[in-house]
2 protein chains.
Amino acid sequence: MRLERWQQIPTGTRDLLPGETARARQVATGVLERMRRWGYREVTTPTLEYLDALVLGEGSAAGDALFKLVDRGGEVLALRPEMTTSVARLVATRLRAAPLPLRLAYAGQVFRWREAGTGRLREFPQVGCELIGAGSLEADAEIVALAVESLEAAGVGQFTISLGHVGFLQGLLAGARLPEPERDDAQALLYRKDFVGLRALLERHHAGASHVNALLALPTLRGPAALDEARRLADAPEVQSVVSDLAGLERMLRAYGVWDAVTVDLSIIRDFDYYTGIVFEGHTAALGVPLLGGGRYDRLLERFGASSPATGFAVRVERVLSADAWAPDAVVAFEDGGRDAALACARALRARDQIVAVEVQGRAWEEVAAEALARGAGRALLVRAGTVVVRERGREERAVSLEELTRGE
Amino acid sequence: MRLERWQQIPTGTRDLLPGETARARQVATGVLERMRRWGYREVTTPTLEYLDALVLGEGSAAGDALFKLVDRGGEVLALRPEMTTSVARLVATRLRAAPLPLRLAYAGQVFRWREAGTGRLREFPQVGCELIGAGSLEADAEIVALAVESLEAAGVGQFTISLGHVGFLQGLLAGARLPEPERDDAQALLYRKDFVGLRALLERHHAGASHVNALLALPTLRGPAALDEARRLADAPEVQSVVSDLAGLERMLRAYGVWDAVTVDLSIIRDFDYYTGIVFEGHTAALGVPLLGGGRYDRLLERFGASSPATGFAVRVERVLSADAWAPDAVVAFEDGGRDAALACARALRARDQIVAVEVQGRAWEEVAAEALARGAGRALLVRAGTVVVRERGREERAVSLEELTRGE
């Protein structure tokens, strides 16, 4: 049957049915409420802005992804592609006299033109926050810690905040003596993961072998050893100061009690050009795209005539919903002879409205449990004769009776 | 100082600062929560729709007020001017198999192109609901009662729901034997309150004197005697069935306990052409424009191939905020010799975060109290030697001691 135009919605947009809308509202409200407790106050900016204001913030390259329209008065407007620029405009105008630091939050729809067929959304909801007027590592630590709490408040099971710094790449590119325009090219090649092209570009400009190696090693600079490795690879002073900033952040984030959820990843390249310091993304194993993204942008406000350091992030609400589908409340595995008890356990938990997946591939408990928790499951259960081994993130593994478990602890 | 383009926001849009955003969120959340308790479940539709889908719902005349844009694939899109059409599309497509009646709610930004200089918003937030699949008076009563509860939940002090019916005017125009195209002209003249033009049009078509009188009397058919007066003015059967429907609604709304907040107003003409039955608006004395509007639209869904009666309304969140400014928690008046006590009373209430306005024009208590409550003040207080007379909406006037009042009852 051929669908009529009026039966369809535009490419890259979505209808959300009641269950989905309830979950989206729960995510947005949960995150905003968490931000509110940290002192962030929500502001609202128009969905439509003057094109000039948006291009001033996003840069003209990002302007290509804007939905533009000309109103009947001949003014060129655009739908906002994110809200940091609008908040910067608000801070530089109506909030110019407000005492700093300013802690602001926001929630709303944003719009980006994308090629059809990429499956990417052209309209989606964001909820985020900005800490304006503080250039300290303390401010960065607050924002990263709040990002962790925001994903917790959003009900995301297991996730990681990957933490990088745009100064690391910039320091390497400066050290490699690449002329300014080629630095953007190199960054674009890295963003596209075109390492062959990157090597060719570097060699064309006679970059030294150590710099070529450091740049090509960038994608591997992730995880607990990343900072040591980065220190070893690059001795330029710009790079060393980035490394010591990240080490300082680690100490603060340990004090916030959130370091377990954070990992260093020096390969992060964000899609807006206004970042000047740390950049970070929230990931969950179930999803190939970030649930949140943010970083420090110390020069955005000066484009609006209000020079002030700033840092912030935004949560992609619809991606949190996509990640949900992969996160059952429990994954149930069993040992030989435990099948009947395991199925009874799953049935009982489902009757209590839990989403329960039973292991059907006969894999080893260690593998099942590790994957389940990495994908955000609430807990992994191993049913044995008479007892159930319960593994949850951040808790000691324990054994309970089947009865205890299904009675609802 | 000349403002740069980037320092401005487009005509008819607004930034909301933290206090305003908090109140807007409180209004939207309060209304949605009330709707949820009545069984309405929130859905989300895209801000951008195909122009064809919107014109199908709004009619091509309303199409002139749409913000249109052509995306890079050549598709003509528009920003939704309201959400009833989008919900109808959703019901006719993804919810086609859902059991009726369907109770749906929504909240989001809508966009209407308006001439500059009219001071009217081009982007504003709406929160509303639709009851789909029930053509009964019971359904209309539920929607009107929920409209009353929604404005209460939004924290609007004093308000009135004006209740009319599009069939009344249509019946009069049919009775006057006006040809079909001239009926639209007559309705447009009424909408613009051009009674001279209306009389000329009717006389040009030799409408009988009784019909001319009934049509010209339309703006006066408001208040408790409106139904009796309507019954007397027009004896066409279409008109009589409208009058008996409204009388039936009155009985039901008394049973809901909300009739006190409702008044019949047969002069209401709504701005969308899809209404087929009752129409209503929520007003507060402080504001010249409706806080809420809605009605029955039994033929909108069939435009989307899913014939089904329906009724609903939408709250204008930003107008609720505008009305706020006119509604202090208390207005304080005093009798001779009571000034010092009155000012102490105002000071004590303000210290408890109440908004308190003191009467400074020396008007009589009756006038001060009536106006204060009509404008939505929480209560009017008359300070006398030793006691305070307290008048609140819907409660017996009572006297309390100054101490009781300021201690916080």
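The values are calculated or read from the model by the stated rules, or taken from the named source; none is laboratory data. Because the structure is a prediction, the values reported are computed rather than measured. Here the Cβ is made from the backbone with ideal geometry for all residues, glycine too, and neighbour counts use every protein chain on show. In case anyone asks, the SASA skips ligands and DNA or RNA and just uses the protein heavy atoms, side chains included. Shrake-Rupley method; radii C 1.70, N 1.55, O 1.52, S 1.80 Å.
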Completion exercise
Here the residues within the range A:372-391 that are assigned to a helix (DSSP H, G or I) and either surrounded by 17 or more Cβ atoms within 10 Å (Cβ to Cβ) or free of Cβ contacts under 8 Å to residues at least 24 places away in the same chain (or both) are A:ALA372, A:LEU373
Exercise for the section: Return yes or no: is A:ASP298 at pLDDT 95 or above, outside any helix (DSSP H, G or I) and of a type in the set (Asp, Glu)? Expected result: yes
Exercise for the section: Go through the range B:321-355 and give me each residue that's part of a helix (DSSP H, G or I), open to solvent by less than 20 Å² (accessible area, probe 1.4 Å) and among the aliphatic types (A, V, I, L, M). Expected result: B:ALA323, B:ALA342, B:ALA346, B:LEU349
Exercise for the section: Of the numbered conditions (1) within 22 Å of the chain's Cα centre (by Cα); (2) open to solvent by 30 Å² or more (accessible area, probe 1.4 Å), A:GLU123 fails exactly one; give the number of that condition. Expected result: (2)
Exercise for the section: Show the residue pairs that are 6+ apart or on different chains and have beta-carbon atoms under 6 Å apart, the first residue being within the range B:3-27 and within 7 Å of chain A (Cβ to nearest Cβ), the second being open to solvent by 50 Å² or more (accessible area, probe 1.4 Å) and in a helix (DSSP H, G or I). Expected result: B:ARG5/A:ASP52; B:TRP6/A:ASP52; B:TRP6/A:LEU56
Handout entry: Test: A:LEU56 is open to solvent by 20 Å² or more (accessible area, probe 1.4 Å) and farther than 28 Å from A:TYR275 by Cα
Key = no
Handout entry: Selection within the range A:221-251 - among the basic types (Lys, Arg) and not in a helix (DSSP H, G or I)
Key = A:ARG222
Fill in the blank from the handout: Of the residues in the range B:282-303, those that are open to solvent by less than 50 Å² (accessible area, probe 1.4 Å), more than 30 Å from B:LEU90 (Cα to Cα) and small (Gly, Ala, Ser) come to B:ALA286
Handout entry: Candidate set from the range B:153-171 (those that are assigned to a helix (DSSP H, G or I) and within 20 Å of the chain's Cα centre (by Cα)); member that is surrounded by the fewest Cβ atoms within 10 Å (Cβ to Cβ)
Key = B:ALA153
Fill in the blank from the handout: Over the range B:222-263, the set of residues open to solvent by 90 Å² or more (accessible area, probe 1.4 Å) and touching a strand residue (DSSP E or B) at 6+ places or on another chain (Cβ under 9 Å) is B:ARG222, B:PRO224
Exercise for the section: Check B:ALA145, B:ALA107 and return the single one that is touching a Phe, Trp or Tyr at 6+ places or on another chain (Cβ under 6 Å) and modelled with pLDDT of 95 or more. Expected result: B:ALA145
Exercise for the section: Please find, among B:GLU58, B:GLU75, the residue that is modelled with pLDDT under 90, over 30 Å from A:GLY305 (Cβ atoms) and within 7 Å of chain A (Cβ to nearest Cβ). Expected result: B:GLU75
Exercise for the section: Can you confirm whether the range B:154-164 contains a residue that is over 24 Å from B:ALA285 (Cα atoms), touching a residue at least 24 places away in the same chain (Cβ under 8 Å) and not aliphatic (A, V, I, L, M)? Expected result: no
Exercise for the section: Please enumerate the residues belonging to the range A:61-72 that are modelled with pLDDT under 85 and more than 10 Å from every other protein chain (Cβ to nearest Cβ). Expected result: A:ALA61, A:ALA62, A:GLY63
Practice task
Please state which of the following conditions A:PRO101 fails to meet, knowing it meets all the rest: (1) open to solvent by less than 40 Å² (accessible area, probe 1.4 Å); (2) away from chain B (no Cβ under 12 Å).
Solution key: (1)
Exercise for the section: Tell me, please, whether a residue that is within 9 Å of another protein chain (Cβ to nearest Cβ), free of Cβ contacts under 8 Å to residues at least 24 places away in the same chain, surrounded by 16 or more Cβ atoms within 10 Å (Cβ to Cβ) and in contact with a Pro (Cβ under 8 Å, 6 or more places away or on another chain) can be found in the range B:36-48. Expected result: no
Fill in the blank from the handout: When the range A:68-77 is checked residue by residue, the ones that are open to solvent by 10 Å² or more (accessible area, probe 1.4 Å) and in contact (Cβ under 8 Å) with a residue 12 or more places away in the chain are A:LYS68, A:GLU75, A:VAL76
